[in-house]
Amino acid sequence: ERRRAEQLIEEQKVAIESANQTKDNFLAMLSHELRTPLTPIIAAVEALKSESLDSSEAKEALAMIRRNVDLESHLIDDLLDLTRIAADKLQLQFEPVDAHRAINDVVKMCAAELNQKQLRLSLDLSAEHHYVGADPAKFQQIIWNLLKNAIKFTYHSGAIAISSSNPTSQSLTIQVKDTGIGIEPEMMDRIFNRFEQGGHSFQRRFGGLGLGLTISKSFAQAHGATLVAQSDGQDRGSTFSLT
């Protein structure tokens, strides 16, 4: 009995050390990610102050500032959403939502990123019943996070497919499938954990806070939905299914 107690204490110690390491990695990554959009903003503001830019250069600088401010805002929104989820203070306003329209809106929002990586996107929105009771903003954010995740982890010139179907007359499944880096078996159980984004080299390569899938899973559960991931392993793509 004492040996079992000692083993349990040792296992808890390892779990706590792992959690602390994950927290430290996240804080380091957070400071980097929040600082990254600010650096070009500061440089552009200084250039605008010098009045040495012509009108076209000034417009480009202002557009870049807007993009980076939007990125910074999204990072902060993710942190706020995570805080609300942890405190069980997430509030949803349910109404009928056209899932196909939400998907098309998200595709338009991500068009520039898809083009930049020359990714092929295919849509197969064949679900006959595609209205759901949902919070419009949060539902769209789930789809947005899934597509952004696919874009982020799909190689240049790869492919992404979004489809919809009705497994039953009372259910709707939306799938986002990519030809990207895939998910290794040991990561599958942790893919929706907060701050989970693999090792240091993985984080440096792809960036981000590792919160998108965590938030999407929590939003899905708050809607009474499920969000699951599938992958055949490294470099064999991933499929995320929202039902």
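Among what's in region 120-140 and is buried (at least 21 other Cβ atoms within 10 Å of the Cβ) and under 18 Å from the mean Cα position of the chain (by Cα), pick the residue that is modelled with the lowest pLDDT.
Among residues in region 120-140 that are buried (at least 21 other Cβ atoms within 10 Å of the Cβ) and under 18 Å from the mean Cα position of the chain (by Cα), the one modelled with the lowest pLDDT is Lys138.
Read through the list (1) part of a helix (DSSP H, G or I); (2) more than 26 Å from Thr179 (Cα to Cα); (3) touching a residue at least 60 places away in the same chain (Cβ under 8 Å); (4) among the hydrophobic types (A, V, I, L, M, F, W, C), then give the number of the only condition that Ile65 fails.
(3)
Residues are listed down the side, and each one gets a yes or a no for (1) outside any helix (DSSP H, G or I); (2) open to solvent by 90 Å² or more (accessible area, probe 1.4 Å); (3) at pLDDT below 75:
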position	(1), (2), (3)
Ala15	no, no, no
Gln21	no, yes, yes
His32	no, yes, yes
Thr39	no, no, no
Leu53	yes, no, yes
Ser73	no, no, no
Ile85	no, no, no
Leu90	yes, no, no
Gln93	yes, yes, no
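Across region 141-170, which residue is farthest from Ala225 (Cα to Cα) among those that are open to solvent by less than 30 Å² (accessible area, probe 1.4 Å) and among the polar types (S, T, N, Q)?
The extreme case among them is Thr154.
The values are calculated or read from the model by the stated rules, or taken from the named source; none is laboratory data. Quick caveat, the model's predicted, so the values are computed rather than measured. Quick reminder, even Gly has a Cβ in these numbers, built from the backbone with ideal geometry, and neighbours come from all protein chains shown. Heads up: the accessible areas ignore ligands, DNA and RNA and are worked out on the full protein's heavy atoms, side chains in. Shrake-Rupley method; radii C 1.70, N 1.55, O 1.52, S 1.80 Å.
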